[in-house]
1. Determine which member of the set 172, 156 is in contact with a helix residue (DSSP H, G or I) (Cβ under 7 Å, 6 or more places away or on another chain) and either modelled with pLDDT under 95 or buried (at least 24 other Cβ atoms within 10 Å of the Cβ) (or both).
2. I'd like to check something: does the stretch 284-296 contain any residue that is on the phi < 0 side of the Ramachandran plot, part of a helix (DSSP H, G or I) and surrounded by 21 or more Cβ atoms within 10 Å (Cβ to Cβ)?
3. Residues that are over 16 Å from the mean Cα position of the chain (by Cα) and within 22 Å of residue 264 (Cβ to Cβ): does the stretch 25-37 have at least one?
4. Take the conditions within 19 Å of residue 172 (Cα to Cα), at pLDDT below 95 and not in a helix (DSSP H, G or I) and apply them to residue 36. Does it pass?
5. Residues that are surrounded by 21 or more Cβ atoms within 10 Å (Cβ to Cβ) and touching a helix residue (DSSP H, G or I) at 6+ places or on another chain (Cβ under 7 Å): does the stretch 101-109 have at least one?
6. Could you count how many residues in the stretch 113-128 are under 16 Å from the mean Cα position of the chain (by Cα) and over 17 Å from residue 54 (Cβ atoms)?
7. Give just the number: which of (1) assigned to a helix (DSSP H, G or I); (2) crowded, with 23+ Cβ neighbours inside 10 Å; (3) at pLDDT below 90 does residue 277 not satisfy?
8. Mind telling me which of the residues 18, 75, 112, 48 ends up being within 17 Å of residue 273 (Cβ to Cβ), touching a strand residue (DSSP E or B) at 6+ places or on another chain (Cβ under 6 Å) and assigned to a loop (DSSP other than H, G, I, E, B)?
């Protein structure tokens, strides 16, 4: 499934499409799981920054400095927890058929880093992204602005789980991009599956997150519509809840740019882009989240990495907001647009 949707009115975060990349989704709307692939049309220098305490990843070590491979062919974002990493094989098949990958002398090996989020608690846990779904996502990949909300890796995403899934909300995948200077682009595609709340980074207001729940005739969290996760965590009840909270969360994504970056700079960009999670998620980077961001630089525009890195957190934060604003209610969970 691919398509186009409008972003909230904001001149800074228009739907500019970062040149050199194609994005595709594939998903199962009944099982509420899916995957998203970002294909670099002419390969891209890759980087990664992994900060959450419960990650599920593939091919991240090779992206770090002091390792030989510098360019990636695609990045996979997928649901299905660790099972979803199987979808990377489908992405590799698609790229191999087109003779794309690292030239080893005897074969071209496609470089496909990947990160997973946990969506097994929503929908059908026995159905996960697989080889076929990863391949289909590649077939669906197009240049242009991807579908948002209940699509791809965001199909089974949820947020606000301090009271468990009973008090959670439906989330999804979001995209935002901007033209920093003429011809210089930075964008982000983020699948939001966080333990905490999503806030409007411009004013700090919660736009999706934990909701009050009833247990044993008692309403926990007040009258709503939202419960402030940070407020809950500082109470005695919150301290008890944290002992039983599960690692069923992760916000994963990729920052795309047509800038020319070294491998070290690509990793620095990923590090700076993580500030976008801190802007829009409360809390972020907990031991219960596997927060991971990739970067892909297509290398067409010479620029100081500090310039790209200064704007990357803003598009990441906007993409997170777009993910929850574009989501639809599913799996018994309400979405922001239904409240």
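1. Only one candidate qualifies: 172.
2. No, the stretch 284-296 has no match at all.
3. no
4. Here the answer is no, as residue 36 does not meet what is asked.
5. So far as the stretch 101-109 goes, no, none of its residues is surrounded by 21 or more Cβ atoms within 10 Å (Cβ to Cβ) and touching a helix residue (DSSP H, G or I) at 6+ places or on another chain (Cβ under 7 Å).
6. 1
7. (3)
8. Just a single option satisfies the conditions, and that option is 18.
The values are calculated or read from the model by the stated rules, or taken from the named source; none is laboratory data. Every value quoted in this text rests on a predicted model; they were computed, and no experiment measured them. Backbone-built Cβ (ideal geometry, glycine too); neighbour counts: all protein chains shown.
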